[in-house]
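Okay, structure first, notes after.
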Amino acid sequence: MKHANRNTLFKEETQILEHLHLDGDQHILKLEAPEIAAKALPGSFVHVECGPQFTLRRPISIMRADPQQQTIELLYKKLGAGTAALSEKEPGENLSLIGPIGKPFKLHPERSRPLLIGGGVGMPPMVFIAQSIHNNRTYKPFAILGSEVPFPFPPTPSQMVLPGMPDGVIAAMPLLEDWGIPSRLASLQGYAGTHDGYVTDLARHWLDALDNEARAQVEIFSCGPHPMLEAVAKLAKEYELPCQVSLEEFMACGVGGCAGCVVQVETEQGPAMKRVCVDGPVFEAAQVFP
């Protein structure tokens with residue numbers, strides 16, 4: 001059952017097809033959601049009703065969408081009472097969603113080397129971007145994913161050689177490897193094959209290994225914790241690269257009515273307050289981190 005709003009936003013009663021429970025209190029939901037799957041774009045999120053006892057929904061980024069199979073996938077971490085209740089849901093149960101919400105990432109063909117940087121539960125939008133372009137020969141993406149809890153997938157040794165990678169940094173995301181998209185992992189937890197440091201350190205290794213012509217084709221896309229995004233924005237400014245970031249904020253209504261998720265951004269007219277849910281969650285990094 002669905003209720004259309006603005007022709008692109010739906011309240012949809014979805015069915016849980018799979019619910020995976022992973023280390024680090026991480027969970028992946030696969031949902032039958034035909035309307036949302038048809039409209040979702042990289043950077044879109046859904047507002048999830050976790051249970052009748054909760055007044056407010058919870059915003060969760062879409063990790064994958066398959067319009068043909070009419071499914072979407074969500075990765076979330078159990079952090080509070082709402083997501084704890086969500087983690088108890090079983091396949092076959094229904095979930096009420098509103099979505100897809102938000103301004104998505106925008107790829108530019110003239111910037112043919114997307115650098116995708118995701119941290120923690122900020123990884124899903126990067127996976128969605130990769131999914132959207134993995135058959136498009138215009139782009140040559142590279143993904144760097146970071147986590148301080150076990151990754152929500154079994155890391156695999158990459159078969160793709162990348163310039164600038166430190167010795168021993170070979171761990172990759174299997175799904176991206178299957179799509180032919182190179183990836184590397186970073187963590188301070190000492191996981192095998194990962195870079196012992198920050199995602200921005202690994203990005204700097206890769207950028208420094210590119211020649212000037214190749215580096216001029218890079219655009220950075222990122223989602224993750226605020227300190228990570230601030231560091232990514234600083235990196236983009238250092239290398240004079242365009243950068244889009246997806247912000248993570250607490251939300252109440254999720255559809256622009258309450259203005260509870262506003263952030264200050266720089267515009268041509270000066271500082272302005274923008275709603276993360278509908279004016280974002282994707283912003284130019286230089287607007288948020290001038």
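Before moving on, here are some points about what is shown:
- Residues that are among the small types (G, A, S) and either surrounded by fewer than 16 Cβ atoms within 10 Å (Cβ to Cβ) or closer than 15 Å to P114 by Cα (or both) within the stretch 194-205 comprise just one, A203.
- Checking each residue in the stretch 209-255 for being β-branched (V, I, T) and closer than 25 Å to R275 by Cα picks out I220, V232, V245, V255.
- Scoring G102 on the criteria (1) under 18 Å from H134 (Cβ atoms); (2) buried (at least 16 other Cβ atoms within 10 Å of the Cβ) leaves a single failure, condition (1).
- Unique match (being modelled with pLDDT of 90 or more, closer than 18 Å to D201 by Cα and touching a Cys at 6+ places or on another chain (Cβ under 6 Å)) among A236, A231: A236
- Selection status of M273, exposed (fewer than 15 other Cβ atoms within 10 Å of the Cβ) and either at pLDDT below 95 or assigned to a strand (DSSP E or B) (or both): yes
- Among the conditions (1) touching a His at 6+ places or on another chain (Cβ under 9 Å); (2) farther than 25 Å from A285 by Cα; (3) surrounded by 16 or more Cβ atoms within 10 Å (Cβ to Cβ), the only one that I36 does not satisfy is (1).
- Complete set of residues in the stretch 176-186 that are of a type outside the set (F, W, Y) and either touching a Lys or Arg at 6+ places or on another chain (Cβ under 9 Å) or closer than 20 Å to R113 by Cβ (or both): L176, E177, G180, I181, P182, S183, R184, L185, A186
- N94 passes every criterion in (1) in contact with a helix residue (DSSP H, G or I) (Cβ under 7 Å, 6 or more places away or on another chain); (2) surrounded by 13 or more Cβ atoms within 10 Å (Cβ to Cβ); (3) more than 30 Å from E284 (Cβ to Cβ) apart from (1).
- All positions within the stretch 23-57 that are free of Cβ contacts under 8 Å to residues at least 60 places away in the same chain and not hydrophobic (A, V, I, L, M, F, W, C): K30, E32, P34, E35, E49, G51, P52, Q53, T55
- Residues of the stretch 157-166 satisfying the condition of being within 22 Å of D211 (Cβ to Cβ) and either not in a loop (DSSP other than H, G, I, E, B) or not small (G, A, S) (or both): M160, V161, L162, P163, M165, P166
- Single unsatisfied condition, F10 versus (1) more than 18 Å from C277 (Cα to Cα); (2) surrounded by 20 or more Cβ atoms within 10 Å (Cβ to Cβ); (3) modelled with pLDDT under 95: (1)
- Any hit, the stretch 216-223, residues being on the phi < 0 side of the Ramachandran plot, modelled with pLDDT under 95, under 21 Å from the mean Cα position of the chain (by Cα) and not aliphatic (A, V, I, L, M): no
- Residues of the stretch 214-232 classified as hydrophobic (A, V, I, L, M, F, W, C), out of contact with any Ser or Thr (no Cβ under 9 Å at 6 or more places or on another chain) and assigned to a helix (DSSP H, G or I), total: 1
Each row is one residue, and each column tells you yes or no for (1) polar (S, T, N, Q); (2) surrounded by 16 or more Cβ atoms within 10 Å (Cβ to Cβ); (3) closer than 26 Å to Q287 by Cα.
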position	(1), (2), (3)
P174	no, no, no
A186	no, yes, no
A214	no, no, yes
S222	yes, yes, yes
E230	no, no, yes
L241	no, yes, yes
G254	no, yes, yes
V263	no, yes, yes
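- Top-ranked residue in the stretch 175-213 [being part of a helix (DSSP H, G or I) and polar (S, T, N, Q); ranked as farthest from the chain's Cα centre (by Cα)]: N212
- Check on F153, surrounded by 22 or more Cβ atoms within 10 Å (Cβ to Cβ) and among the aromatic types (F, W, Y): no
The values are calculated or read from the model by the stated rules, or taken from the named source; none is laboratory data. All values reported here derive from a predicted model rather than from experimental measurement. Methodologically, a virtual Cβ is constructed for each residue, glycine included, from the backbone with ideal geometry; neighbour enumeration extends over all protein chains shown.
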